[in-house]
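Peer 1: Let me begin by handing over the structure; questions about it come next.
The values are calculated or read from the model by the stated rules, or taken from the named source; none is laboratory data. These figures come from a predicted structure and were not determined experimentally. When we count neighbours, we look across all protein chains shown, and the Cβ atoms used for this are built from the backbone with ideal geometry, even at glycine.
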Amino acid sequence: MQSAGSKRGFAPWADPGAWPLLRVEGLSKRFGGFTAVNHLSLDVYEGEFFALLGPSGCGKTTLLRMIAGFERPNTGRIMLDGVDLSPVPPYRRPVNMMFQSYALFPHLNVEANVAFGLRQEGLAKLEIARRVADMLALVKLDSFGRRKPHELSGGQRQRVALARSLVKRPRLLLLDEPMAALDKKLRGETRFELMELQRRLGLTFVIVTHDQSEAMTVADRIAVMDQGRLMQVAPPAEIYEQPNSCWVADFVGDVNLFEGRLGDDGLSVEGTAAGTLRVAAKSPAEPGQVVWVAVRPEKLRIAREQPSAGLDNSVAATVLDIGYLGDSSLYKLRIRDGSQVKAAVANIGGRAAAAPAVDQQVWLSWPPEAAIVLTR
């Protein structure tokens, strides 16, 4: 079943008959007077790559640790395959967790690190050797088995930790900021390798990250968290194109927000810093209600000349600063009431050389379908 915004035609959450692999119900966790997770509920489906995204301290790692069994919730329950995990100790749960630090044993070589959990379970030596060899081949480390962790690069250590987490064949793999220690280029490459590995194995992954581009790249769905609560749960494209609040719109990527009041027709927003704005879809808000028009920077057009009369959503602006990013440039501009907006322009066909300069007067415009109305 395909869902709007799904990346691979995989959307069991859109099927009323589908049952989640992991169900979190009314979960709360307090540390003294601080509430880290606040009555949170969510479902994760088998074969899904699910991301918990949010700022530092929002409760995402605490949630992950409760699923793994390292923290006990104050309220609520965690169900895996329909079984309540509350009485099940961490080492008995069919769940593995890959820590941000990787937590490799420095005195053991790669093979022994990967085999550690299997030996704890008392598997036969031949079975351990076979599964370790298969897993090292899968993560492309089959020629590194005799090396110690200090003899590996950061990316290789990450793969060892991943192999150790996967070799026990968990029903659910939890990843806590698994790429935080990698440099930017390696992080980008590893994201796609992780996605390919997850799909080849057919396992369910839950990843914690504060990196928006990481979550947008790897996840089938993203749960955006703040202060222990879920703000929105949806596929990446829906989170970006249809945020359900100003907070989500502002947290996930850049956005321009224009406050005003909804017009009587439900398609106009009056009294904003950019004048009366038009949107393509009617808002459920009441006429006269305070709302916000959200427009992503890449949706804005920059022109030296004033657009033709009658064009919706156009405003004069002054270029304050320009950030050249190679494939694109990010413009910071001031509009007539003194507020600032951002516009992103792709640098193609030699346009960067002819682009507007700092202090130049320009016109910004965008089509009604590029804007959405938010009520909170």
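Peer 1: For residues in the range 48-99 being at pLDDT below 95 and small (G, A, S), which is surrounded by the most Cβ atoms within 10 Å (Cβ to Cβ)?
Peer 2: Out of the qualifying residues, it is G54.
Peer 1: Related question: Mind listing just one residue for me: the one in the range 26-69 that is among the aromatic types (F, W, Y) and free of Cβ contacts under 8 Å to residues at least 40 places away in the same chain and, of those, nearest to L172 (Cα to Cα)?
Peer 2: First pass over the range 26-69, keeping only residues among the aromatic types (F, W, Y): 31, 34, 45, 49-50.
Applying the additional criterion that residues be free of Cβ contacts under 8 Å to residues at least 40 places away in the same chain yields 31, 34.
Numbers: F31: 26, F34: 28 Å.
Step by step, filter the range 26-69, then rank; the result is F31.
Peer 1: Further question on the same structure: For the list (1) closer than 18 Å to Y45 by Cα; (2) acidic (D, E); (3) more than 10 Å from the chain's Cα centre (by Cα), I need the number of the one condition that D265 fails.
Peer 2: Result: D265 passes all but (1).
Peer 1: Can you spot a residue in the range 101-108 that is under 26 Å from H150 (Cβ atoms) and not in a loop (DSSP other than H, G, I, E, B)?
Peer 2: Initial filter on the range 101-108 (under 26 Å from H150 (Cβ atoms)): 101-108.
Pick out the ones that are also not in a loop (DSSP other than H, G, I, E, B) and you get none.
The answer is no; no qualifying residue exists.
Peer 1: Further, regarding this structure: Which of the residues that make up the range 70-115 are within 16 Å of P20 (Cβ to Cβ) and either of a type in the set (A, V, I, L, M) or in contact (Cβ under 8 Å) with a residue 40 or more places away in the chain (or both)?
Peer 2: Filtering the range 70-115 for residues within 16 Å of P20 (Cβ to Cβ) gives 76-85, 94-95.
Passing the criteria: G76, R77, I78, M79, L80, D81, G82, V83, L85, P94, V95.
Peer 1: Restrict the check to the range 114-129 and report whether at least one residue is among the aromatic types (F, W, Y), at pLDDT 85 or above, outside any helix (DSSP H, G or I) and surrounded by 14 or more Cβ atoms within 10 Å (Cβ to Cβ). Before you say what the answer is, go through the steps one by one.
Peer 2: Within the range 114-129, the first condition is being among the aromatic types (F, W, Y), and the residues that meet it are 116.
Still in the running and at pLDDT 85 or above: 116.
Subset that is outside any helix (DSSP H, G or I): none.
No: the range 114-129 contains no residue that is among the aromatic types (F, W, Y), at pLDDT 85 or above, outside any helix (DSSP H, G or I) and surrounded by 14 or more Cβ atoms within 10 Å (Cβ to Cβ).
Peer 1: Give Q232, Q227, Q242 a once-over and let me know the one that is in contact with a helix residue (DSSP H, G or I) (Cβ under 8 Å, 6 or more places away or on another chain) and not β-branched (V, I, T). Please lay out each step first, then the result.
Peer 2: On the way: Q227 fails: in contact with a helix residue (DSSP H, G or I) (Cβ under 8 Å, 6 or more places away or on another chain); Q242 fails: in contact with a helix residue (DSSP H, G or I) (Cβ under 8 Å, 6 or more places away or on another chain).
Going through Q232, Q227, Q242 in turn, just one is in contact with a helix residue (DSSP H, G or I) (Cβ under 8 Å, 6 or more places away or on another chain) and not β-branched (V, I, T): Q232.
Peer 1: Which ones in the range 302-348 are without any contact (Cβ under 8 Å) to a residue 24 or more places away in the chain and either not assigned by TED's automatic domain parsing to the domain that holds L364 or not in a strand (DSSP E or B) (or both)?
Peer 2: S308, A309, G310, L325, G326, D327, G338, N347, I348
Peer 1: Considering the range 314-338 alone, what residues qualify as being within 31 Å of the chain's Cα centre (by Cα), modelled with pLDDT of 90 or more and not basic (K, R)? Working first, answer last.
Peer 2: Initial filter on the range 314-338 (within 31 Å of the chain's Cα centre (by Cα)): 320-334.
If we keep only those that are modelled with pLDDT of 90 or more as well, we get 320-323, 330-334.
Across the range 314-338, the qualifying residues are L320, D321, I322, G323, L330, Y331, L333.
Peer 1: Now for a separate question. Only strands (runs of 3 or more DSSP E) wholly contained in the range 31-92 count here; list those with 1 or more residues that are in the same structural domain as Q198 (by TED's automatic domain parsing), under 25 Å from A249 (Cβ atoms) and in contact with a Pro (Cβ under 9 Å, 6 or more places away or on another chain). Don't jump to the end; show me each part of the working.
Peer 2: Numbers: elements: 34-44, 49-53, 75-80.
Result: 34-44, 49-53.
Peer 1: If you don't mind, there's one more thing I want to ask. Is it the case that some residue within the range 207-222 is of a type in the set (D, E), touching a strand residue (DSSP E or B) at 6+ places or on another chain (Cβ under 6 Å) and under 20 Å from L64 (Cβ atoms)? If you could, list the steps in order and put the result at the bottom.
Peer 2: Initial filter on the range 207-222 (of a type in the set (D, E)): 211, 214, 220.
The next check asks that each one be touching a strand residue (DSSP E or B) at 6+ places or on another chain (Cβ under 6 Å); those that pass are 220.
From what is left, the residues that are under 20 Å from L64 (Cβ atoms) are 220.
Within the range 207-222 (the criterion being of a type in the set (D, E), touching a strand residue (DSSP E or B) at 6+ places or on another chain (Cβ under 6 Å) and under 20 Å from L64 (Cβ atoms)), the answer is yes, since at least one residue qualifies.
Peer 1: I've got another one for you. How many of the residues making up the range 166-184 are surrounded by fewer than 19 Cβ atoms within 10 Å (Cβ to Cβ) and within 18 Å of the chain's Cα centre (by Cα)?
Peer 2: Residues meeting the conditions: 4.
Peer 1: Sticking with this structure for a sec: Any residue in the range 174-202 that is modelled with pLDDT of 75 or more sitting within a Cβ distance under 8 Å of a residue that is part of a loop (DSSP other than H, G, I, E, B) and of a type in the set (S, T, N, Q)? List the pairs, counting only those 6 or more apart or interchain.
Peer 2: Close Cβ pairs (under 8 Å, with a partner that is part of a loop (DSSP other than H, G, I, E, B) and of a type in the set (S, T, N, Q)) amount to D176/Q100; E177/Q100; P178/Q100.
Peer 1: Is it the case that the range 347-356 has a residue that's under 21 Å from V248 (Cβ atoms) and crowded, with 18+ Cβ neighbours inside 10 Å? Outline the logic, then answer.
Peer 2: In the first step, residues of the range 347-356 are kept if they are under 21 Å from V248 (Cβ atoms); the result is none.
No, the range 347-356 has no match at all.
Peer 1: Do you know which residues across the range 281-301 are basic (K, R) and assigned to a loop (DSSP other than H, G, I, E, B)?
Peer 2: The answer is K282, R296.
Peer 1: Among the strands (runs of 3 or more DSSP E) lying completely within the range 190-270, list those that include at least 2 residues that are farther than 23 Å from S283 by Cβ and polar (S, T, N, Q).
Peer 2: On the way: elements: 204-209, 221-226, 229-234, 256-262.
Counting at least 2 such residues, we get 204-209.
Peer 1: If you don't mind, there's one more thing I want to ask. So is G145 surrounded by 13 or more Cβ atoms within 10 Å (Cβ to Cβ), part of a loop (DSSP other than H, G, I, E, B) and over 32 Å from the mean Cα position of the chain (by Cα) or not?
Peer 2: On the way: surrounded by 13 or more Cβ atoms within 10 Å (Cβ to Cβ): yes; part of a loop (DSSP other than H, G, I, E, B): yes; over 32 Å from the mean Cα position of the chain (by Cα): yes.
Criteria met by G145.
Peer 1: Report whether or not E111 is at pLDDT below 90, over 24 Å from G155 (Cα atoms) and not assigned by TED's automatic domain parsing to the domain that holds D220.
Peer 2: On the way: at pLDDT below 90: yes; over 24 Å from G155 (Cα atoms): no; not assigned by TED's automatic domain parsing to the domain that holds D220: yes.
For E111, the condition - at pLDDT below 90, over 24 Å from G155 (Cα atoms) and not assigned by TED's automatic domain parsing to the domain that holds D220 - is not met.
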